[in-house]
Amino acid sequence: MPELPEVETIRRRLSPVVEGATIVGAEIVDPRLTRPFDPGVVGAALVGERIAVLERRGKYLLWRLASGRTLVVHLRMTGSLRHAPHGELSEDAHRRATLELDTGTDLAYRDVRRFGTWELLDADHLRPYLGARLGPEPLAPSFSAARLGRLLTGRTAPVKAFVLDQRRIAGVGNIYADEALWRARIHPRRPAGGLDPNEVARLHRALRAALRRGIALQGSTLTDYVTPDGEAGGMQHEFHVYGRLGEPCDRCGTPIERIVVAGRGTWLCPRCQRL
Ligand SMILES: [Zn+2]
């Protein structure tokens, strides 16, 4: 599933392609993408819109349109975007939508599992929509260790569940949560509010380092994720714990273990990350 580094990679690759372009055609073929709204109505509303800026918030791609509206795209499990010169997108049974731009570029939205969403929001609705769903951006300058500490205070949930909760911290999913907790040498089942100041500082550093490394390597490709240019990411070659059951810890050589925390498969080093 695309997490912050994958969505940020998509944003960085797509912004020079789409910013300033006007949508001259929109075909949304999967009604699940826009429900409860009719895909034909949403598509028609997009035609004629100029894409002002492509932004990201958490795992959401925000297509800020010149009219003040925003197309809010969430890729969920298997959504991805591709661009190609007009008419040159290859046939694809999993394509759910196509946007044609006045610059001669076509954009395709592909989604095998079909959990992705496209929502067209008015300016008045964007802030409350995101505010209800997302905590702070972990890579923002304002996201300090002190702020993380205040968010953790009083939380009894396992720290991994806390990190995965988009309303607490935006953009972190299963891969980067496990990688960050390994970097911080914190057991995923530790109560979030029970970390001491040193551990909070380590977790803060580790979260940012894991996410930044993911962005530097263009994200991690396990099954569906590719960049909008069709390239695989490289982060999967650098995982310290995720998916590495039985392999030696990069720090101490102890075999990596797998447990379940917050309903999610969770990989850790039992020696570096003590309960
Ligand atoms: Zn270890």
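Would you mind getting me the FRET efficiency between residue 77 and residue 15? Use the beta-carbon distance for r and R0 = 22 Å, nearest 0.05.
On the way: r = 24 Å, r/R0 = 1.09.
Using R0 = 22 Å, I get an efficiency of 0.40.
How large, in percent, is the carbon and sulfur part of the accessible surface of the stretch 184-275 at a probe radius of 1.4 Å? The computed percentage sits at 48. Residue-wise HN-Hα couplings along the stretch 45-57, as the Karplus relation 6.51 cos²θ - 1.76 cosθ + 1.60 with θ = phi - 60° gives them from phi, are 5, 7, 5, x, 6, 9, 7, 7, 9, 9, 10, 10, 9 Hz; Gly and Pro carry x. Nearest 500 deg cm²/dmol is fine: what mean residue ellipticity at 222 nm does the chain get from its DSSP H runs of n ≥ 4 alone, each adding -39,500 (n - 2.57), divided by its residue count? About -9000 deg cm²/dmol. Residues of the stretch 56-73 with an amide N closer than 16 Å to a point placed 7 Å from the Cα of residue 123 along the Cα-to-Cβ direction: 63-71. Protein heavy-atom accessible surface, 1.4 Å probe, per residue over the stretch 59-200: 43 Å². Can you classify the stretch 121-275 as rounded, prolate or oblate using the Cα gyration tensor, where a ≥ b ≥ c are the square roots of its eigenvalues, rounded means a/c under 1.5, and otherwise it's prolate if a/b beats b/c and oblate if not? Oblate. Ligands, DNA and RNA left out, the 1.4 Å accessible surface of the stretch 29-103 is 50% carbon and sulfur atoms.
For residue 112 and residue 264 in one chain, what is 0.36 nm times their gap in residues minus the Cα-Cα distance, to one decimal in nm? If you can, show how the numbers build up before the last one.
On the way: separation 152, 0.36 × 152 = 54.72 nm, distance 2.14 nm.
Result: 52.6 nm gained on full extension.
Dimensions of the stretch 187-265 based on its C-alpha atoms, expressed as ranges along the principal axes with the largest first, amount to 44, 27, 27 Å.
At 0.36 nm per residue, minus the direct Cα-Cα distance, what do residue 223 and residue 167 gain on full extension? Give it in nm, one decimal, please.
17.5 nm
Computed from the C-beta positions of residue 55 and residue 91 and an R0 of 41 Å, the FRET efficiency is 0.85 to the nearest 0.05. Overall, the anisotropy analysis places the stretch 1-131 in the rounded class: the square-rooted eigenvalues a ≥ b ≥ c of its C-alpha gyration tensor yield a/c less than 1.5. How tilted is helix 197-216 with respect to the longest principal axis of the chain? Cα atoms for both, answer in degrees (0 to 90, nearest 10). Rounded to the nearest ten degrees, it is 40. A simple count of charges around residue 12, restricted to other residues whose Cβ falls under 14 Å of its Cβ and scoring Lys, Arg +1 and Asp, Glu -1, yields -2. The alpha carbon centroids of the stretch 180-220 and the stretch 94-155 are separated by 21 Å. A simple packing score, the average count of other Cβ atoms within 10 Å per residue, orders the peptides 95-106, 31-42 as 95-106, 31-42, with the highest score first. What the Cβ-Cβ distance of residue 245 and residue 41 gives, at R0 = 41 Å and to the nearest 0.05, is a FRET efficiency of 0.30.
Based on Cα contacts under 8 Å between residues 6+ apart, the chain shows a relative contact order of 18 percent. The trypsin sites (Lys or Arg not before Pro) of the stretch 145-197 that DSSP puts in a loop, and whose beta carbon has at most 14 other beta carbons within 10 Å, are 167.
The values are calculated or read from the model by the stated rules, or taken from the named source; none is laboratory data. None of these values were measured; they are calculated from a predicted model. As a convention, Cβ positions derive from the backbone with ideal geometry for all residues, glycine included, and neighbour counts pool all protein chains shown. Surface accessibility is based on the protein's heavy atoms, side chains included, excluding ligands, DNA and RNA. Shrake-Rupley method; radii C 1.70, N 1.55, O 1.52, S 1.80 Å.
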